[in-house]
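**Q** After the structure tokens below, expect a handful of questions from me.
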Amino acid sequence: MAQGPQPIEVRKVPIESVSDASGLTRLLDEGVIEADRVVAVIGKTEGNGGVNDYTRIIADRAFREVLVARGSRTDEEVRQIPIVWSGGTDGVLSPHATIFATVPGSSAHPTDEPRVSVGYAMSDTILPEDIGRLPMVEKVAAGVRVAMERAGITDPADVHYVQTKTPLLTLDTINDAKRRGQDVWTEDTLKSMDVSNSTTALGIAVALGEIEMPTQEQIHKDLSLFSSVASCSSGVELDQAQIVVVGNVRGHGGRYRIGHSVMKDGLDADGVWEAIRSAGLELPERPHPSDLGDRVVNVFCKCEADPSGRVRDRRNIMLDDSDVHWHRQIKACVGGVVASVTGDPAVFVSVAAVHQGPSGGGPVIAIVDHG
């Protein structure tokens with residue numbers, strides 16, 4: 001890693017088909033970023049968002065192939081870049097990718113204001129039997145601390161977004177654990193997505209001092225424990241926690257600032273506006289999407305169906321619906337709420353938010369271009 005944090009360029013590009021990486025190619029062609037300086041990609045793909053969502057793998061391959069072809073890094077070096085895909089663009093959500101790249105200090109806007117810095121890390125290997133258990137919390141927390149250090153962030157209060165991708169359980173990995181005489185937290189592979197996310201979120205919260213180390217009994221159960229900046233996804237693509245820490249540091253320059261808040265429930269548009277204000281954008285008391293101009297690069301949030309089965313004391317049927325899984329319903333709902341604030345349906349909304357923000361709600365993060 002280069003010494004000290006480097007200024008960051010952040011751009012969002014549309015994904016026009018499952019394997020489309022032309023938005024990334026266009027940024028390279030226009031000289032906005034360099035392939036060898038891309039440090040992270042966080043995106044939404046259009047699959048089912050479930051265990052067998054292969055669109056994440058297709059998008060991953062498409063983006064990495066461009067980075068190999070257009071840069072000097074080897075296949076192996078490009079494989080180390082954290083590229084986190086969340087599957088499922090239900091409702092109006094639109095497939096897209098947010099690309100983070102360093103820029104030379106000489107070409108960055110000099111400022112002593114807080115500006116975006118990014119650090120990444122890979123945790124130690126997460127075994128199938130770790131998922132839902134304290135060893136995973138500890139491995140994630142250790143990785144977050146490494147990523148913070150790489151971002152040049154010393155104060156946890158300056159961390160506004162931790163995006164992770166962790167393994168979930170599949171029949172293969174469950175059988176592997178059994179062959180080694182181990183048991184797993186659940187044999188329901190879709191449920192393992194939720195618990196992988198929630199265990200990871202507790203690791204983030206521990207690393208940032210938001211909570212003390214939880215007990216085994218509290219994992220996925222004690223909903224009063226949460227991180228306000230964690231956004232955790234899981235999939236079949238890896239056997240480690242891939243960790244991207246995004247925060248602000250002063251003095252290294254750049255145009256972008258990040259902030260966060262929480263959505264208290266699936267309809268909490270005020271939480272989205274609060275995140276945008278937290279990223280340094282001054283807004284009127286009752287803001288409108290037209291107040292944003294093109295300043296908001298992207299909004300990232302987590303959501304879940306409220307375990308009480310009610311929102312604002314009105315009953316809903318998401319958790320009782322046997323036809324359409326609640327993952328898809330709440331994602332479409334919150335996607336609409338967030339897009340109604342930003343005026344742009346290409347927002348990052350991910351589901352399974354236990355221990356990520358308050359129960360029934362979730363963290364919401366905004367990146368603003370300060371020009």
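**Q** Only residues that are buried (at least 16 other Cβ atoms within 10 Å of the Cβ) and farther than 19 Å from Gly247 by Cα: list them for the stretch 270-298, please.
**A** If the condition is that a residue be buried (at least 16 other Cβ atoms within 10 Å of the Cβ) and farther than 19 Å from Gly247 by Cα, then Pro287, Leu292 are the ones that fit.
**Q** Right, something else. Which of the residues belonging to the stretch 151-174 are closer than 12 Å to Val249 by Cα and not aliphatic (A, V, I, L, M)?
**A** Answer for the stretch 151-174, where residues must be closer than 12 Å to Val249 by Cα and not aliphatic (A, V, I, L, M): Gly152, Thr154, Asp155, Pro156, Asp158, His160.
**Q** Follow-up question, since we're still on this one. Out of everything in the stretch 238-269 that is closer than 30 Å to Leu223 by Cβ and in a loop (DSSP other than H, G, I, E, B), what residue ends up being most open to solvent (accessible area, probe 1.4 Å)?
**A** Lys264
**Q** Could you check the stretch 10-27 and list, in sequence order, the residues that are in contact with a helix residue (DSSP H, G or I) (Cβ under 6 Å, 6 or more places away or on another chain), open to solvent by less than 20 Å² (accessible area, probe 1.4 Å) and either outside any strand (DSSP E or B) or farther than 20 Å from Asp344 by Cβ (or both)?
**A** Ala21, Leu24
**Q** Would it be correct to say that Asp222 is at pLDDT below 95 and in a loop (DSSP other than H, G, I, E, B)?
**A** no
**Q** Assuming Asp222 fulfils every condition listed in (1) in contact (Cβ under 8 Å) with a residue 12 or more places away in the chain; (2) at negative phi apart from one, which condition is it?
**A** Of the numbered conditions (1) in contact (Cβ under 8 Å) with a residue 12 or more places away in the chain; (2) at negative phi, the odd one out for Asp222 is (1).
**Q** Every residue in the stretch 117-140 that is surrounded by fewer than 20 Cβ atoms within 10 Å (Cβ to Cβ) and of a type in the set (A, V, I, L, M), please.
**A** Once the filter is applied, which keeps residues that are surrounded by fewer than 20 Cβ atoms within 10 Å (Cβ to Cβ) and of a type in the set (A, V, I, L, M), the stretch 117-140 yields Met122, Leu127, Leu134.
**Q** Now, a different point. Read through the list (1) in contact with a Ser or Thr (Cβ under 9 Å, 6 or more places away or on another chain); (2) aliphatic (A, V, I, L, M); (3) more than 28 Å from Ala352 (Cβ to Cβ), then give the number of the only condition that Leu67 fails.
**A** (1)
**Q** Of all the residues that make up the stretch 143-153, how many are open to solvent by less than 50 Å² (accessible area, probe 1.4 Å) and on the phi < 0 side of the Ramachandran plot?
**A** The total comes to 6.
**Q** Another question, then. More than 22 Å from Gly362 (Cα to Cα), in contact (Cβ under 8 Å) with a residue 24 or more places away in the chain and either open to solvent by less than 70 Å² (accessible area, probe 1.4 Å) or among the aromatic types (Phe, Trp, Tyr) (or both): does that describe Thr173?
**A** Spelling it out, Thr173 is indeed more than 22 Å from Gly362 (Cα to Cα), in contact (Cβ under 8 Å) with a residue 24 or more places away in the chain and either open to solvent by less than 70 Å² (accessible area, probe 1.4 Å) or among the aromatic types (Phe, Trp, Tyr) (or both).
**Q** Oh, and also: Within the stretch 300-314, identify whether any single residue is in contact with a helix residue (DSSP H, G or I) (Cβ under 7 Å, 6 or more places away or on another chain), surrounded by fewer than 21 Cβ atoms within 10 Å (Cβ to Cβ) and of a type outside the set (Val, Ile, Thr), and answer yes or no.
**A** Taking every residue of the stretch 300-314 in turn, at least one turns out to be in contact with a helix residue (DSSP H, G or I) (Cβ under 7 Å, 6 or more places away or on another chain), surrounded by fewer than 21 Cβ atoms within 10 Å (Cβ to Cβ) and of a type outside the set (Val, Ile, Thr).
**Q** If a residue must be out of contact with any Asp or Glu (no Cβ under 8 Å at 6 or more places or on another chain), open to solvent by 40 Å² or more (accessible area, probe 1.4 Å), modelled with pLDDT under 95 and not polar (S, T, N, Q), how many such residues does the stretch 57-98 contain?
**A** Count: 1.
**Q** Every residue in the stretch 187-209 that is surrounded by fewer than 18 Cβ atoms within 10 Å (Cβ to Cβ) and part of a loop (DSSP other than H, G, I, E, B), please.
**A** Listed by number, the residues that qualify are Glu187, Asp188, Gly209.
**Q** Continuing with this model, one more query. Does Ala352 satisfy the criteria of being in contact with a helix residue (DSSP H, G or I) (Cβ under 7 Å, 6 or more places away or on another chain) and at pLDDT below 95?
**A** yes
The values are calculated or read from the model by the stated rules, or taken from the named source; none is laboratory data. Quick caveat: nothing in here was measured; it's all calculated off a predicted structure. Cβ coordinates were reconstructed from backbone atoms using ideal geometry, including for glycine residues, and neighbour counts include every protein chain displayed. Protein only, heavy atoms only, side chains kept; ligands, DNA and RNA dropped before computing areas. Shrake-Rupley method; radii C 1.70, N 1.55, O 1.52, S 1.80 Å.
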